[in-house]
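For reference, the structure is listed below as structure tokens.
Please treat every number below as a calculation from the coordinates, not as lab data. As the structure is a computational prediction, the values presented were derived from the model and not from experiment. When we count neighbours, we look across all protein chains shown, and the Cβ atoms used for this are built from the backbone with ideal geometry, even at glycine.
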Amino acid sequence: MPNDTNFKRSSSELGDSADWRCTCCGKLLGRRHGAVVLVQFARGHRYRVSRPASAVCRGCGTLNET
Ligand SMILES: [Zn+2]
């Protein structure tokens, strides 16, 4: 099935995803997925932004870039 092949391929791409954490305190800011970053907020809002992206840590106020 072609769909199975595509699914496996996209699964391995998800393996490239990595946590995007604050460089100062280590708080999780989002997740990197190749050229995009998925940002999640506590109330369930989610944003997908393309890199380069920057965010201010809500814990310590450090500006992080990815
Ligand atoms: Zn921080």
Most exposed first by the Cβ proxy, i.e. fewest other Cβ within 10 Å, how do 36, 56 rank? 56, 36
What list do you get for 43, 31, 48 if you sort them by fewest beta carbons within 10 Å? 43, 48, 31
Between residue 29 and residues 5 or more places away or on another chain, which pairs have amide H atoms under 5 Å apart, with H built 1.01 Å from N, and which residues are they? 20, 21, 22
Gain in length, residue 19 to residue 50, computed as 0.36 nm per residue apart minus the alpha-carbon separation, to one decimal in nm? 9.6 nm
Per-residue Cβ contact counts at 10 Å, fewest first, order 33, 45 as 45, 33
Please list, ordered by chain and number, the residues whose modelled amide H lies under 5 Å from the amide H of residue 36; skip anything fewer than 5 residues away on the same chain. 51
When Lys and Arg each count +1 and Asp and Glu each count -1, what net charge do the other residues less than 11 Å away from residue 21, Cβ to Cβ, add up to? +2
